[in-house]
1. If we sort 65-75, 364-374 on the protection proxy, mean other Cβ atoms within 10 Å, highest first, what's the order?
2. Sticking with the crude label model, points 7 Å out along Cα→Cβ, report the distance from T73 to V187 in nm, one decimal please.
3. ³J(HN,Hα) across the range 463-476 via Karplus (A = 6.51, B = -1.76, C = 1.60, θ = phi - 60°), whole Hz, x for Gly/Pro?
4. For a protection proxy built on the mean count of beta-carbon atoms within 10 angstrom, sort 226-233, 272-279 highest first, please.
5. Given just the C-alpha atoms of the range 386-459, how large is their convex hull per residue in cubic angstrom?
6. Amide H to amide H, which residues 5 or more places from V507 or on other chains are under 5 Å from it, using H placed in the peptide plane?
7. Regarding the range 216-269, what are the three Cα extents along the principal axes, ordered largest first, in Å?
8. Around V131, which amide H atoms from residues at least 5 apart in sequence, or from another chain, sit under 5 Å from its own amide H, with H modelled in the peptide plane?
Amino acid sequence: MTVVKITNAILGEPATKYADNKDFDPGDGETQLFSVGKDRFIALQSSEPFHTSYRGPSSYVTTVSLNGQSCVTEGWLQQMLAEYRSIDDVFHNEFLSGIMFTEAAKEKGLDISPRAHKLLKSLGTAWIEVVETPDAEITGATLLPGPYLTGLSSPASFQAEAPRELHVGVKYVQTISIAVRSRLRGVATKEKPLCNMRIAVKDIFKIEGIRTSVCNKAYYELYPPATETAGCIKILEEAGATIVGTTKLASFAATEEPLECIDFQAPWNPRADGYQSPAGSSSGSGARTLAVVDGGQDTGMDALQCGHRMEFFLWRAILQASGSLTFPHSSSRNIKTSKMFADQWYGDRLPKTVALPPTIIYASDYTALVSNKDQLEIIDHFVTDLESSLGVRQTRISFASLWDASPPKEANGQSLQEYMEKACRDSFFHDDYHNFDKFRLDFERKFSKTPYVSPPAQWQWVLSAKITKDERDVAVARLEVSRFCPVGVPMLFLSPITGGPELTIPVGQVPFHSRVSGRVEPLPVAVSLLASPGRDIGLLGQAQKCLETSGRPTIVHTGKELFGD
């Protein structure tokens with residue numbers, strides 16, 4: 001049986017306790033639950049198991065590919081085990097109770113040195129077997145490396161883990177635990193560059209076999225599991241990524257604070273005192289990024305708020321998903337992973353661009369809203385590092401002043417505030433509201449009542465229903481005008497309006513006195529970098545270079561602090 005580790009998706013206690021190893025009885029079921037130390041696992045039965053000659057009691061076993069090795073020496077074995085431990089968070093020494101060395105059919109004979117035997121014995125290995133693997137080109141099967149469960153009642157087997165709903169004693173899908181398979185199961189290749197990357201997807205995308213909830217009970221009850229996966233997510237699967245589950249969001253991607261979340265409890269923001277708002281529609285994605293999953297995919301306007309409040313690397317793609325102001329996003333704790341992920345996800349779909357010398361434009365309109373001097377000092381310090389990295393000086397610009405000096409002709413004499421007052425609201429609210437027209441109609445037809453939505457979503461929908469198509473079109477036209485002089489626009493809308501990529505970078509922490517803990521806590525600080533359209537990969541590369549040359553961390557930690565001790 002294939003072993004899959006159960007790991008906490010959100011910081012917290014495990015939802016279910018399982019028996020200790022000594023009490024584990026595999027039985028005859030298709031899945032088995034067990035523990036190794038503090039870690040919990042699921043063993044999955046394959047429909048086409050590989051049988052071994054082992055006939056003892058149920059045993060953990062690790063398969064090791066020889067790859068042409070004719071003699072197992074102590075040094076080779078130590079190197080192999082060190083590699084297993086370094087790359088795989090599922091592997092445990094306890095899985096060395098049995099060893100299955102796998103070799104191709106054409107390879108015959110294996111010598112295990114006395115010192116290698118002694119090493120395995122010291123690690124608790126009770127039995128060893130050499131297994132001839134089938135020719136994958138002929139049978140389409142292969143016995144993958146990693147931990148398994150085997151025995152009289154459960155022959156060794158393997159299967160690729162598929163995403164599934166995890167229920168914890170309730171009707172709806174809410175869990176703090178997910179199952180992740182061993183990273184030893186695959187190796188990244190040119191065809192599968194994202195192999196072993198675990199992806200959590202915001203629960204507004206369709207995933208085959210999974211119900212989409214958009215974090216609303218009425219929506220979840222109305223529609224069956226999806227029959228196909230969203231195209232942008234399918235690209236990731238085809239590149240080898242493993243979809244481990246979906247993440248919460250503000251219902252219907254509206255903006256909800258924790259006390260406003262009705263149908264599903266809001267996720268926790270682990271930063272600072274642990275009681276800061278997770279912010280925005282992508283709050284679950286942010287909480288997941290700061291827990292255990294190493295990559296994610298996201299969409300929605302409010303993802304930027306999460307990146308700033310929870311502090312992780314977040315980038316926004318320029319490829320539109322739906323509507324005029326909704327773009328795909330991805331979040332990670334590692335900027336190198338972010339760059340690689342972006343390149344593989346949609347790098348070949350970017351428009352062609354002409355190489356231009358770098359320029360740093362410092363938008364003083366937005367930093368003028370920051371009243372904390374320590375925060376401004378941290379931001380300015382990063383900009384200085386960016387100047388050194390790129391070899392250019394910053395240019396400070398007030399877009400509001402530029403408007404006053406040379407207003408666009410489309411404004412017809414209107415002030416900035418008058419011209420842009422309703423542009424963002426009328427465009428985004430109108431499109432977002434009508435994206436769910438079919439849902440409201442389907443629900444009323446089936447249940448003879450209107451669906452319940454949370455107060456923030458209800459407020460937004462009531463307002464949006466009054467926005468006419470003509471008003472929406474006027475608003476979109478005004479946003480197009482502001483694209484070349486982005487003033488009077490909330491920071492969250494800048495990237496979608498200009499059509500360029502955006503990268504959120506954690507740059508430091510400021511102290512604040514928490515009313516929750518009663519002590520001084522570290523509050524994260526982040527900056528957002530925007531680039532012109534088509535320069536997504538270049539933006540990520542320049543940001544990575546800046547962090548590395550200035551000695552800044554390229555990886556942020558989980559938990560309350562960005563960079564640890």
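The values are calculated or read from the model by the stated rules, or taken from the named source; none is laboratory data. Source: prediction; values computed, not measured. No Cβ is skipped: glycine too gets one built from the backbone with ideal geometry, and neighbour counts run over all protein chains shown. Ligands, DNA and RNA are excluded from the accessible area calculation, which covers all protein heavy atoms including side chains. Shrake-Rupley method; radii C 1.70, N 1.55, O 1.52, S 1.80 Å.
1. My ranking of the peptides, most packed first, is 65-75, 364-374.
2. 2.0 nm
3. 5, 5, 4, 8, 7, 7, 5, 5, 5, 4, 5, 4, 4, 4
4. 272-279, 226-233
5. With only Cα atoms used, the range 386-459 gives 205 Å³ per residue.
6. Sorted by chain and number, the residues that satisfy this are V525, A526, V527.
7. 39, 29, 17
8. Under 5 Å from the amide H of V131 lie the amide H atoms of F101, T102, E103, each far enough along the sequence or on another chain.
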